[in-house]
Amino acid sequence: MTFDELGLNAPLLQAIADLGFEKPSKIQEEAIPQLIAEDRDMVALAQTGTGKTAAFGFPLLQNIDANSKTTQGLIIAPTRELCLQITNEMKLYAKHMKGVRVVAVYGGANIQEQAREISRGAQIVVATPGRMQDMMRRRMVDITKLSYCVLDEADEMLNMGFYEDITNILADTPEDKLTWLFSATMPREVSRIAKEFMVNPLEITVGHKNEGAKNVSHEYFVVHTRDRYQALKRLSDANPDIFSVIFCRTKRDTQKVAEQLIEDGYNAGALHGDLSQNQRDLVMKSFRNRQIQMLVATDVAARGIDVDDITHVVNYQLPDEIETYTHRSGRTGRAGKTGISLVIVTKSEMRKIKQLEKILGKKFEQKTIPDGKEITQVQLMHLANSINTTEINDEIEAYLPEIEEVLKDNTKEELIKKVFSVEFTRFFNYYKKSKDLNQNAVGAAKEQSGDSTRYFINVGSKDDFDWMKLKDFLKEELGLGQDGVYRVDCKDAFSFFNTDTEHKDKIIAHFENFELDGRRVSVEETQGGGGRSGGGGRSGGGDRRRSGGGSSDRQRSDRKSSYGDDQGGRSRSRSERPERPARFERSERSSSPRTPDNRSEGNKSPFSGKRRRRS
């Protein structure tokens, strides 16, 4: 189906062409024709990132009267970020509609100026619940003549404790208005809103209720509670291009983990309810610009984050509720791209993984935390690939004679060894005494007895593989059966996999002169053999207040977890971290820089801010 077939008018179709939209998403196909053709309430269930804004935005714009300055449409969104995002998108959709004005209303900004914007005539208002309530109390906005009310991310708003705010707002709107409720999941509170304020709503479901995003693979790692932070670091080191959101359960843990990462040389930042609006804006700006690669956040703070190309979601601690996990994993694998949700658990939390699999209908793959040898190999190959793809700056020509003079006594092989020894030595020293972090890891018994062999293969995500596709390819190619290939770990330009050692000669021989689409594919045994290395997954290419601008996390100790009992586990004190090697440039975002000279060589991280920093 094309947008031309959905019943949209010419100005909207022109805006769609300007934006480069080609085909409507499934939720747009289902919702837009219904909302244009029928005057009825609607409940639409679809995952985050599936195009819900356009699904309600286009029909709303087509149905309003552009010649009237009365506020006819109200869109309520859970966070300031989502409110602004929807407003910007609606303005783009209305680009060719003369006289249409869309105004954003949210906390943390001047309420008088927002009121003035509405008084000049705004057919559509996009608001956070708290700020909308505030403006209603002050009689700064009139919503008594609304024709349409849209609740976007309804489950998130209700999970954040905005039930009373939403019901108060809806109670002040006309009974004959149309209400469109869009949500990723359908918890009891959303059903309650639908029953109380909607009349015979049409229900559209894309996928299944409470289903996770289809493009996201789920992996989990079993560790001791005390090793949770070290596991997080190794998973990051095993994925050099990681661009991730790391979820913690409390503000305290969020701040602590972010500070530890910054101190250890990673480009990290924290997002939680104790941040001011200005601090929150600065953190989000740095994350969008990729100056921050690892955003550590609480669930409430991360509501409404809309950042493209997030490669990984890391569940540092599992949430209490299934719906929350669905929202977390929905931050990656958006707009048709693939993503990975990593879960760090202890043995006592394994039952929660089984419950997630059952409820979400998703298979969670158990992986092992990689050891130092594999991380070193990943990082060296990443460096080699970076050097190979770096564009030459012609300005360097002027410096070449002096450089060549300094290096003239080195052969080509010696230069390569010296360049890579800088990284190799750093990683080798850091990890040479590192312990195995895995508890009950996949294949552990085989590896300890020497019955498993790990291989390197020179294909990866750049060759359109992810770990599932590569595993299927290897199983079919080698004829080893369902469980013959395991611990497949797909990186950018290369990957790893394991088989039982008895198949080693067969596998090496099979790939001796092997080509795939005209490209030579080689497989070799990794150094250290089966070892206890493992895969962290494929490398991918502030809470708000009730005023709408920020709010503290709501502790739900009185609510029963949808898994059962509570989980604990935070990273321990600095004294429990492994030592960090010498060359270390502290990240610029650290609040209390240390002088390298006053620390012993063994205490500094191999992952300097310089290595992590992106331009």
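On inspection, K373 passes the criterion of being more than 25 Å from the chain's Cα centre (by Cα) and buried (at least 19 other Cβ atoms within 10 Å of the Cβ). Taking first residues from the stretch 173-187 that are within 15 Å of I204 (Cα to Cα) and partners that are of a type in the set (G, A, S) and not in a strand (DSSP E or B), the Cβ contacts under 6 Å between residues at least 6 apart in sequence or on separate chains come to L181/A154; S183/A154.
Residues in the stretch 128-139 that are of a type in the set (K, R) and crowded, with 21+ Cβ neighbours inside 10 Å: R131 alone. Give the residue that is farthest from G130 (Cα to Cα), with candidates limited to residues of the stretch 54-82 that are surrounded by fewer than 17 Cβ atoms within 10 Å (Cβ to Cβ) and among the hydroxyl-bearing types (S, T, Y). In this case the residue turns out to be S68. The set of residues from the stretch 355-376 being assigned to a helix (DSSP H, G or I) and of a type outside the set (S, T, Y) comprises Q355, L356, E357, K358, I359, L360, G372, K373, E374, I375. A count restricted to the stretch 103-156 and to residues that are over 11 Å from C83 (Cβ atoms), not in a helix (DSSP H, G or I) and not hydroxyl-bearing (S, T, Y) stands at 17.
Residue by residue, here is whether (1) buried (at least 21 other Cβ atoms within 10 Å of the Cβ); (2) within 26 Å of the chain's Cα centre (by Cα); (3) not assigned by TED's automatic domain parsing to the domain that holds A44 holds:
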position	(1), (2), (3)
Q123	yes, no, no
V126	yes, yes, no
E153	yes, yes, no
M157	yes, yes, no
M160	yes, yes, no
E164	no, no, no
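Taking (1) closer than 21 Å to Q47 by Cα; (2) not in a strand (DSSP E or B) in turn, P174 satisfies each apart from (1). Scanning the stretch 484-507 for residues that are in contact with a Ser or Thr (Cβ under 8 Å, 6 or more places away or on another chain), closer than 10 Å to K471 by Cβ, of a type outside the set (D, E, K, R) and assigned to a strand (DSSP E or B) yields a count of 3. In summary, no helices (runs of 4 or more DSSP H) completely within the stretch 6-66 bear 2 or more residues that are in contact with a Pro (Cβ under 9 Å, 6 or more places away or on another chain) and farther than 29 Å from V190 by Cα.
The values are calculated or read from the model by the stated rules, or taken from the named source; none is laboratory data. These figures come from a predicted structure and were not determined experimentally. Reconstructed Cβ throughout: ideal geometry from the backbone, glycine too, with neighbour counts over all protein chains shown.
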